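Following: one structure in structure tokens, then a few remarks.
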Amino acid sequence: MKIVFATNNGHKLAEVAAILGPEWELVTPASLGITEDIPETQSTLEGNALQKARYIYERTGLDCFADDTGLEVTALGGAPGVRSARYAGDHHDFDDNNRLLLHNLEGAADRSARFRTVIALIERGRDHLFEGRVEGRIIDEYRGTEGFGYDPIFIPKGADTTFAEMSPAEKNAISHRARAVERLVEFLNKPNHKP
Ligand code: IMP
């Protein structure tokens, strides 16, 4: 059974394909001739995920899903949240984002945070949302070199290492994205959706 994943990120594609299993063939926008940036201009993770999935659905008529992820820090009122990729500005990188976050958290007693992934699926024209989250805390140093983004400063609850100190398999076993994908898979594998 074919389904479109509205992403041009090869890393995400491989991760989701591994969880979905061989019954599902993931199709990319690029393989359908859609090579432009998919717009994500909404103010929530849900809004962005829906916007990306709808954009592809409207152009192809194919069932399609998209994801959006943010790091929500309690002491910062949920920031960087939907702006996680561009926290330090449009032309800044992961290091700049991490540095700004640690700066903004200086002196904060509450260092709790969570990663939240929202997946929007447009299936036979209908919207469905799935969420995965992982609670944890922000430390005030950088630890580990695996992963990406805020991984070196985030320790998930119940662990004593950052995401960046975990192997990809260890991270994927508990990550926000994996949890959201598992909910999507559960839905897609219900008898009326199975190939
Ligand atoms: P996206 O919606 O998956 O592209 O994620 C938006 C931003 O959130 C990324 O650019 C990263 O800064 C951050 N992010 C998303 N997922 C992760 C993760 O698993 N670890 C660390 N940072 C992440």
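Readers should treat all values here as calculations from the given coordinates under stated rules, not as data from a laboratory. All of these numbers come straight from a predicted model, not from anything done at the bench. Note that each Cβ is placed from the backbone with ideal geometry, even for glycine, and that neighbours are counted across all protein chains shown.
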Between 0 and 90°, nearest 10: helix 176-188 axis offset from the chain longest Cα axis: 20
Here segment 122-166 gives, from Cα atoms, an Rg and Dmax in Å of 15.1, 47
Separation in nanometres of the label points that stand 7 Å from Cα toward Cβ, at Ala18 and Met1: 2.3
Inter-probe distance in nm under a simple model that places probes 7 Å from Cα toward Cβ, at Leu100 and Ile34: 2.9
Theoretical FRET efficiency, 1/(1+(r/R0)^6), r = Cβ-Cβ of Arg59 and Ala173, R0 35 Å, to 0.05: 0.50
Tell me the angle of helix 10-20 to the major Cα principal axis of the chain, expressed in degrees between 0 and 90 and rounded to the nearest ten. 70
Between the alpha carbon centres of segment 151-172 and segment 13-76 the gap in Å comes to 24
Excluding Pro156 itself, calculate the net charge of residues whose Cβ lies under 15 Å from the Cβ of Pro156, where each Lys or Arg counts +1 and each Asp or Glu counts -1. +3
Just to confirm the number: angle between the C-alpha axis of helix 45-60 and the first principal axis of the chain, 0 to 90 degrees, nearest 10? 30
Given a cut-off of 22 Å, what percent of all Cα-Cα pairs of segment 2-188 lie beyond it? 46
Taking springs between alpha-carbon atoms closer than 10 angstrom, which of Glu46, Glu131, Glu106 fluctuates most in the Gaussian network model of the chain? Glu106
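Let me have the relative contact order for segment 2-188, percent, based on Cα pairs under 8 Å that are six or more residues apart. Display every interim value, and only then the final one.
Working: 354 pairs, mean separation 33.4, N = 187.
Averaging sequence separation for qualifying contacts and normalising by length gives 18 percent for segment 2-188.
Expected output is a single nm value to one decimal: the length gained when fully extending between Asp93 and His11, i.e. 0.36 nm times separation in residues minus the C-alpha distance. What is it?
So the extension gain works out to 27.8 nm.
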Check cross-link reach from Lys190 to the lysines: straight Cα distance under 26 Å, and skip same-chain residues fewer than eight apart. Lys2, Lys12, Lys52
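Counting other beta carbons within 10 Å of each residue's own, what order do Phe94, Phe163 fall into, fewest first? Walk me through the numbers on the way to the answer.
Values: Phe94 16, Phe163 28.
Fewest-to-most Cβ neighbours within 10 Å comes out as Phe94, Phe163.
With n ≥ 4 as the cut-off for DSSP H runs, can you work out [θ] at 222 nm for the chain, using -39500 (n - 2.57) per run divided by the number of residues, rounded to the nearest 500?
Values: 5 runs with 58 residues, N = 195.
Result for the chain: -9000 deg cm²/dmol, rounded to the nearest 500.
Mind sorting Leu45, Leu20 by how few other Cβ atoms lie within 10 Å of their own Cβ, fewest first? Don't skip to the end; give the middle numbers.
Working: Leu45 24, Leu20 20.
Lowest to highest Cβ neighbour count: Leu20, Leu45.
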If every alpha-carbon in segment 139-195 counts as one equal scatterer, what log10 I(q)/I(0) does Debye give at q = 0.17 1/Å? -0.59
